[in-house]
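Worksheet: one structure, shown below.
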Amino acid sequence: MSSSEAPRVAEEPTGGEGDGEGGEVASRRHPRAKLTTTTARPEGGGRAAPGDAPAPARQWPLLTVLGMAALGLLVTGTDLFAQSFRVGTLLIGAALLTGSVLRRVLPSVGMLAVRSRFTDMITYGVMGALIVLLALMVQPEPWLRIPFLEDVLHLTVS
């Protein structure tokens, strides 16, 4: 790489590879941008409660989703009754669907906001819906039967 293609910054190593000229290291970053000082918060990623509220209250949307998912894992893992695997998995899917709804209706959801509002809603909603559908269709004795999916399964297995 020639010196006209990228500015040289001696203070910023890029993985320990030098260019062989006096120990300087080539960088694609602007010479004045040596440190990243902030990152952009996702849309709606502000606190869900005022700043003087305790930390759990500021993150209640995330704690709600995590609590529901943890309850679903507990029900599934303990296997206390005959259909506990199905009920626990339904709770996990419902937690993701709840996260999607919270992301849509609340202006600020704290750490539940990971990406843009639209991407979070689609991701949480699709994953939650798939988990719920699979929980309803799991064998033995499925609670929901979708005939064309059974035909697809028979065509691929046999």
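Structure notes:
- Nitroxide proxy distance, nm - points 7 Å out along Cα→Cβ at ALA55 and ALA129: 3.6
- Pairwise FRET efficiency - ALA70 versus SER116, Cβ, R0 = 35 Å, nearest 0.05: 0.85
- Rg followed by Dmax, in Å, when the stretch 55-157 is reduced to its Cα trace: 16.0, 53
- Loop chymotrypsin sites (Phe, Trp or Tyr not before Pro), the stretch 54-141 (other Cβ atoms within 10 Å of the site Cβ: 11 or fewer; DSSP): PHE81
- Using Cβ point charges alone (K and R +1, D and E -1), the dipole size of the stretch 55-157 about the Cα centre works out to roughly 540 debye.
- Candidates per trypsin sites (Lys or Arg not before Pro) in the stretch 58-156, loop by DSSP, up to 13 other Cβ within 10 Å: ARG145
Each reported figure results from applying straightforward, stated rules to the coordinates on display, with no laboratory input. It should be emphasised that the depicted structure is a prediction, and the values quoted were computed from it without experimental measurement. When we count neighbours, we look across all protein chains shown, and the Cβ atoms used for this are built from the backbone with ideal geometry, even at glycine.
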